[in-house]
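> Let me begin by handing over the structure; questions about it come next.
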Amino acid sequence: AAGKPGLDLFYNITPSLKLSVTANTDFGETEVDARQINLTRFSIFFPEKRSFFLQDAGVFNFATTGIEPPGGIPGTGAEVFPFFSRKIGLLGGQEVPIDYGAKLTGKIGRTEIGMLDVRTREVSNVGAKNLFVGRIKQNFLAQSYVGALFTDGNPGSQWSSNTVGVDMRLATSDFLGNDQNMVFNAFGLTSNNEGMLENNSSYGFGAQYPNDKFDAQIQWREIQENFDPAIGFVQRSNVRMLRLAGSFNPRPRRSTGIQQMFHDVFYTRFTRLDSGLVESWNLYATVIDWHLNSGDSLHSLFDANPTYERLFEPFEISDGIELPAGEYRFTPWRIFFTSAQKRRIQGSIGLSFGNFWSGTANMLQTGLSYKLPPRFLISFNTNQTFANLPQGNFIARIYSAQVNYAVSSLLSFSNLIQFDNRSENLGLQSRVRWTIEPGNDLFFVFGQGWVQDFDRGYDFRRQDSKFATKLQYTFRF
């Protein structure tokens, strides 16, 4: 066993401007990612969970993430993050040691600033890296701003890379003098990654009318083939995206037992920039989404999702199952119900069924939790896809269970166990947090992995064992 001393320093230069410094940083106490199985052709998004990067992270937000769909509506599938902090300190799923980092965030008058500089250590074939992010936003009127962002460095290559962008937000809560909300966002970005200096831009706009009874939005963006921010995240490229959406959300009389009724129609289309051909489109229609006064919710009752996909090259959707190039039209249907969070026993169930690519598929999501607030929680969740395609059948499964117990406000235990049949890996993470006094914490973290062995009758063999302790002690000056 070996100790690893580290340092985190926080200093308020002014009440609204904070300097954060970290040295020899350790993230051993961070919760592991939730398992996901990707059945699409594009990258999936894992959120940041490390505390150093989460603190004051909002100052680095960019206009590309400014318009979100309602809960239950799929995202655009074309997310653009010019800065994505998980690119720092993580490479190919493995941790990259951080020697030091400094972050300055806050406001000077009506100007919002964020600066981050991190030095990562040399690993495998990648040398030590200095990664920098600068962000500035000038606020004006009540809710609007213009801003700029700059990143420099490439965590995964010896090439020097940078990304430059500008964005703006115009927002009001008194649209046309009627106490209604209206938001307009626009952005432009260009990247210089590994010498790619042509077709290396992304730009677009979005407008939303986000109000209680009526909600509407339009988003348009272009993501060119060589746009690739080295310290960012892009789901797909060489496309032009258009999203049009509208929602009607009335509130019936309380005597009906219904708090609010949601009805949504979302249309999203992608066109290839190189050929002008439609790459994909889908229409998502919510017929019934009723939130009840009891807290229970019938989120969807036969939601329809007509979908068109054009494969320009074969796509391996699961191991050994390859969909040939061509055009595909299919319509999944969805039912989803969740009971009220206030209940001691709370559950949810979701079922999707119907056509799927060249065949059919049923997708089942279940969740069940039991809680004795504020001390005890146990939950079990499943996400399973049963696909039948002419090219072959497959089942994708994810199981997860969580057990949390708080002895007191100072001592807590959390346990997370997950399994997916794509990696055939069963993983356990157990964490103990003892708050000696506010700001002084002792963590014990144990991780164990097992790999499924079909040759031995579905036995599991131990693969990885990890144990770490972390003492976090705060000095106040």
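> Which count do you get for residues in segment 204-243 that are open to solvent by 60 Å² or more (accessible area, probe 1.4 Å), within 25 Å of ASP152 (Cβ to Cβ) and within 21 Å of the chain's Cα centre (by Cα)?
1
> All but one of (1) modelled with pLDDT of 95 or more; (2) polar (S, T, N, Q); (3) not in a strand (DSSP E or B) hold for THR385, so report the exception by its number.
Among (1) modelled with pLDDT of 95 or more; (2) polar (S, T, N, Q); (3) not in a strand (DSSP E or B), the lone unmet condition for THR385 is (3).
> If you check GLY367 against the conditions, is it in contact (Cβ under 8 Å) with a residue 24 or more places away in the chain, assigned to a strand (DSSP E or B), of a type outside the set (D, E, K, R) and more than 30 Å from SER294 (Cβ to Cβ)?
So GLY367 does not fit the description; no.
> Could you list, ordered by first residue, the pairs with Cβ atoms under 8 Å in which the first is in segment 403-424 and among the basic types (Lys, Arg) and the second is part of a loop (DSSP other than H, G, I, E, B) and surrounded by 14 or more Cβ atoms within 10 Å (Cβ to Cβ), at least 6 apart or interchain?
Correct list of pairs: ARG422/ILE37.
> Being closer than 30 Å to TYR370 by Cα and not in a strand (DSSP E or B) is the filter here, so list the residues in segment 300-343 that pass it. I'd like the intermediate steps shown before the answer.
Restricting attention to segment 300-343, the residues satisfying the condition of being closer than 30 Å to TYR370 by Cα are 300-303, 333-343.
Scanning segment 300-343 gives SER339, ALA340, GLN341, LYS342, ARG343.
> Would you check which residues across segment 1-28 are over 30 Å from ALA78 (Cα atoms), touching an Asp or Glu at 6+ places or on another chain (Cβ under 8 Å) and at pLDDT below 85 and list them? Write out each step before concluding.
Here is the first cut: in segment 1-28, the residues over 30 Å from ALA78 (Cα atoms) are 1-26, 28.
Narrowing further to those that are touching an Asp or Glu at 6+ places or on another chain (Cβ under 8 Å): 4, 6, 18, 20-25.
Once the filter is applied, which keeps residues that are over 30 Å from ALA78 (Cα atoms), touching an Asp or Glu at 6+ places or on another chain (Cβ under 8 Å) and at pLDDT below 85, segment 1-28 yields LYS4, GLY6, THR25.
> So which residues in segment 8-24 are out of contact with any Ser or Thr (no Cβ under 9 Å at 6 or more places or on another chain) and in a strand (DSSP E or B), if there are any at all?
Across segment 8-24, the qualifying residues are ASN12, ILE13, THR14, VAL21, THR22, ALA23, ASN24.
> Taking segment 169-190 as the search range and keeping residues that are touching a Gly at 6+ places or on another chain (Cβ under 8 Å) and open to solvent by less than 50 Å² (accessible area, probe 1.4 Å), which one is nearest to LEU141 (Cα to Cα)?
For segment 169-190, the residue satisfying everything is VAL183.
> If you don't mind, another one. Of everything in segment 361-378, what is touching a Gly at 6+ places or on another chain (Cβ under 7 Å) and either over 17 Å from ASN421 (Cα atoms) or loosely packed, with under 15 Cβ neighbours inside 10 Å (or both)? Give them in sequence order.
GLY367, LEU368
> What tally of residues in segment 307-320 results from selecting those that are crowded, with 16+ Cβ neighbours inside 10 Å and either over 19 Å from VAL239 (Cβ atoms) or touching a helix residue (DSSP H, G or I) at 6+ places or on another chain (Cβ under 6 Å) (or both)?
2
> I would also like to ask the following. Is segment 400-416 home to any residue that is under 30 Å from PHE302 (Cα atoms), at pLDDT 95 or above, out of contact with any Ser or Thr (no Cβ under 6 Å at 6 or more places or on another chain) and open to solvent by less than 70 Å² (accessible area, probe 1.4 Å)?
Yes: segment 400-416 contains one or more residues that are under 30 Å from PHE302 (Cα atoms), at pLDDT 95 or above, out of contact with any Ser or Thr (no Cβ under 6 Å at 6 or more places or on another chain) and open to solvent by less than 70 Å² (accessible area, probe 1.4 Å).
> Select from segment 154-166 the residues that are within 19 Å of ALA57 (Cβ to Cβ) and open to solvent by 10 Å² or more (accessible area, probe 1.4 Å) and list them in ascending order.
The initial filter retains those residues of segment 154-166 that are within 19 Å of ALA57 (Cβ to Cβ), namely 155, 163, 165.
The one that is within 19 Å of ALA57 (Cβ to Cβ) and open to solvent by 10 Å² or more (accessible area, probe 1.4 Å): PRO155.
> From ASP264, ASP289, ASP274, which residue is touching a residue at least 24 places away in the same chain (Cβ under 8 Å) and over 23 Å from SER352 (Cα atoms)?
ASP274
> Also: Only one residue in GLN138, GLN180 is assigned to a loop (DSSP other than H, G, I, E, B), closer than 26 Å to GLN217 by Cβ and among the polar types (S, T, N, Q). Which one?
GLN180
> Given (1) surrounded by fewer than 18 Cβ atoms within 10 Å (Cβ to Cβ); (2) assigned to a strand (DSSP E or B), identify the lone condition not met by ARG422.
(2)
> Right, next: Looking only at residues that are among the β-branched types (Val, Ile, Thr), closer than 19 Å to SER423 by Cα and touching a residue at least 60 places away in the same chain (Cβ under 8 Å) in segment 17-43, which one is surrounded by the fewest Cβ atoms within 10 Å (Cβ to Cβ)?
My answer is VAL32.
> Given the conditions (1) of a type outside the set (A, V, I, L, M); (2) surrounded by 15 or more Cβ atoms within 10 Å (Cβ to Cβ); (3) assigned to a strand (DSSP E or B); (4) out of contact with any Lys or Arg (no Cβ under 7 Å at 6 or more places or on another chain), report the number of the one that TRP450 does not fulfil.
(4)
> What are the residue pairs meeting all of these: first residue in segment 46-60, first residue free of Cβ contacts under 8 Å to residues at least 60 places away in the same chain, second residue open to solvent by 30 Å² or more (accessible area, probe 1.4 Å) and among the basic types (Lys, Arg), Cβ atoms under 9 Å, and 6 or more apart or on different chains?
Final answer for the pair search is PHE46/ARG86; PRO47/ARG86; GLU48/ARG86; LYS49/ARG86; ARG50/ARG86; PHE53/ARG86; GLN55/LYS18; ASP56/LYS18.
> Only residues that are open to solvent by 70 Å² or more (accessible area, probe 1.4 Å) and either of a type in the set (Phe, Trp, Tyr) or free of Cβ contacts under 8 Å to residues at least 24 places away in the same chain (or both): list them for segment 3-12, please.
GLY3, LYS4, PRO5, LEU7, LEU9, PHE10, TYR11, ASN12
> Also: If I go through segment 45-67 residue by residue, how many of them are under 30 Å from LEU283 (Cα atoms) and either over 12 Å from the mean Cα position of the chain (by Cα) or aromatic (Phe, Trp, Tyr) (or both)?
So the count comes out to 8.
> Within segment 109-131, can one find any residue that is acidic (Asp, Glu), at pLDDT below 90 and surrounded by fewer than 17 Cβ atoms within 10 Å (Cβ to Cβ)?
Yes, because at least one residue in segment 109-131 is acidic (Asp, Glu), at pLDDT below 90 and surrounded by fewer than 17 Cβ atoms within 10 Å (Cβ to Cβ).
Yes/no per residue for (1) among the aromatic types (Phe, Trp, Tyr); (2) surrounded by 17 or more Cβ atoms within 10 Å (Cβ to Cβ); (3) touching a Phe, Trp or Tyr at 6+ places or on another chain (Cβ under 8 Å):
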site	(1), (2), (3)
PRO250	no, no, no
HIS263	no, no, yes
LEU283	no, no, yes
ASP296	no, yes, yes
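> If a residue has to be surrounded by 19 or more Cβ atoms within 10 Å (Cβ to Cβ) and of a type in the set (A, V, I, L, M, F, W, C) to count, how many in segment 44-72 make the cut?
7
The values are calculated or read from the model by the stated rules, or taken from the named source; none is laboratory data. What you see is a predicted model, and the numbers here were worked out from it, not measured in a lab. So basically every Cβ, Gly included, is an ideal-geometry build from the backbone, and we count neighbours across all protein chains shown. Only protein heavy atoms, including side chains, enter the accessible area calculation; ligands, DNA and RNA are left aside. Shrake-Rupley method; radii C 1.70, N 1.55, O 1.52, S 1.80 Å.
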